[in-house]
Amino acid sequence: MITTGTVLVLIGPQGSGKGTQAALLADRDGFCVVGMSDLLRTEVVNPTLKERITSEIQRGELIDTDLSVHLIEQYLKRLSPDSKIIFDGFPRLVEQARELDALVVVTKAVHIDVPYDVSLKRIAGRLMCPRGHVYNKYFVPPRRPGVCTVDDLPLHGREDDTETVVKTRIALYQQVTTHVLAYYRAQGKLVTINGNQSVFAVAHEIREKVLAYV
């Protein structure tokens, strides 16, 4: 085992808000966030490999387990043994969950559950300003369609946020993650959070149901 501190696994579909909640826990409670996108930036130096993995992540595909575990292991070795850690979107396969158990003791698996249609609209409806402001045409629309309320610049969606691509990502998530949830449920570590509410309501529920007991 590499670490003995509190270890949380965040599980949820695209648009569930895992990344947002991980960032809040990092800011408020000092957790180190481990996500594949972050590890790609910090651990992979081969540009060809980095480009391939980036493309796979953007398409919502599963990253090779051996490579994922290797990147995680390299990162964990640099942390203090008592570090508090959040895994954002990993593991996505039972095989990966077993490999992770060989590295750390997972304290709780936090399942942020959102309905299919909400997940789809949160991602496919995302609009971005060149200066970083983010909107959603379904939930947080700009005052004028297609134009940033702050900068008066045209908004655009990401190429990989089309409804077709998002549906593919969600379908893959539903296909494989059911088994991961069952894996942690069998260990008595699974906690389900209602993700179909405000960011701060989700954060409060995580604090009450998870952090109060770790």
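The values are calculated or read from the model by the stated rules, or taken from the named source; none is laboratory data. This structure is a prediction, so every number in the text was calculated from the model and none was measured. Positions of Cβ are generated from backbone atoms using ideal geometry, with glycine treated the same way; all protein chains shown enter the neighbour counts.
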Note on region 63-92: residues closer than 17 Å to L8 by Cβ, among the hydroxyl-bearing types (S, T, Y) and surrounded by 15 or more Cβ atoms within 10 Å (Cβ to Cβ) are Y75, S83
Name the single residue that is nearest to V118 (Cα to Cα) among those in region 152-167 being surrounded by 12 or more Cβ atoms within 10 Å (Cβ to Cβ) and at pLDDT 95 or above.
L155
Which of the following residues is within 28 Å of V7 (Cα to Cα), in contact with a Leu (Cβ under 8 Å, 6 or more places away or on another chain), crowded, with 16+ Cβ neighbours inside 10 Å and modelled with pLDDT of 95 or more: V180, V202?
V180
Report whether or not I63 is at pLDDT below 85 and assigned to a loop (DSSP other than H, G, I, E, B).
yes
How many residues are closer than 15 Å to I11 by Cα and surrounded by 13 or more Cβ atoms within 10 Å (Cβ to Cβ) if we restrict to region 183-199?
10
Please work out which one of (1) surrounded by 13 or more Cβ atoms within 10 Å (Cβ to Cβ); (2) modelled with pLDDT of 95 or more is the condition I170 fails and give its number.
(2)
Tell me, yes or no, whether region 38-47 has at least one residue that is modelled with pLDDT of 75 or more and of a type outside the set (G, A, S).
yes
Restricting attention to region 96-119, does a residue exist that is of a type in the set (S, T, Y), within 20 Å of S37 (Cβ to Cβ) and surrounded by 22 or more Cβ atoms within 10 Å (Cβ to Cβ)?
yes
